[in-house]
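Novice: First the structure, which I've put down as structure tokens, then a few questions once you've had a look.
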């Protein structure tokens, strides 16, 4: 079954046949499947929620069929979460690079559309947790316990997505202040015209990142305690 650009059957089968030692392979497969589903579409929060929900359901369905003990199942689900986190980390980078272009041209960060884009970037980790949590509530009862443990652990550690999103927003705000001091500014009409193409630009940057067109990938930030 193909849903949201994801081959769910392939993911289900991979998790169903997995052993406790195949964690890295599962993480990579989930990351690639999630990233592929996010490519070529508007990277709205609604679309991201839909993709995360589909991947979570597929991983859960497969893990339920694996026949592994619950502690091992928890490990598989943890790898699924890590794979989705790795994919969302690339969406953060794509948003940062797109927003950097606007801010560098003097677009005011208080302008409604760019302020909204920054706010959505800050919300991404919360959206991630909420989407996985909601999808996990609908899975078979034996898997709800392992999912709760995975989510509780990751909320304490924080995700790479959340750390990078926070850093990106801080960098963009600092860049905006520099542009203001340098006297660079864009007219409201020009800003609106540029922001109309924002979603398409982010999607294009994401595709470029995934295809290896951008060789210098950002270093993965160390997990930190999630801010309350």
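Novice: Tell me the residue from 49, 41, 27 that is under 19 Å from the mean Cα position of the chain (by Cα), at pLDDT below 85 and either in a helix (DSSP H, G or I) or surrounded by fewer than 20 Cβ atoms within 10 Å (Cβ to Cβ) (or both), please.
Specialist: Values: 49 fails: at pLDDT below 85; 27 fails: at pLDDT below 85.
After applying the criteria, what remains is 41.
Novice: Before we move on, is residue 151 modelled with pLDDT under 90 and touching a helix residue (DSSP H, G or I) at 6+ places or on another chain (Cβ under 7 Å)?
Specialist: Details: modelled with pLDDT under 90: no; touching a helix residue (DSSP H, G or I) at 6+ places or on another chain (Cβ under 7 Å): yes.
No, not satisfied.
Novice: Turning to a different aspect of this structure: Considering only segment 154-213, how many residues are modelled with pLDDT under 90, exposed (fewer than 13 other Cβ atoms within 10 Å of the Cβ) and over 13 Å from residue 99 (Cα atoms)?
Specialist: The number of residues fulfilling the criteria is 12.
The values are calculated or read from the model by the stated rules, or taken from the named source; none is laboratory data. For clarity, every value in this text was computed on a predicted model and none was experimentally measured. So basically every Cβ, Gly included, is an ideal-geometry build from the backbone, and we count neighbours across all protein chains shown.
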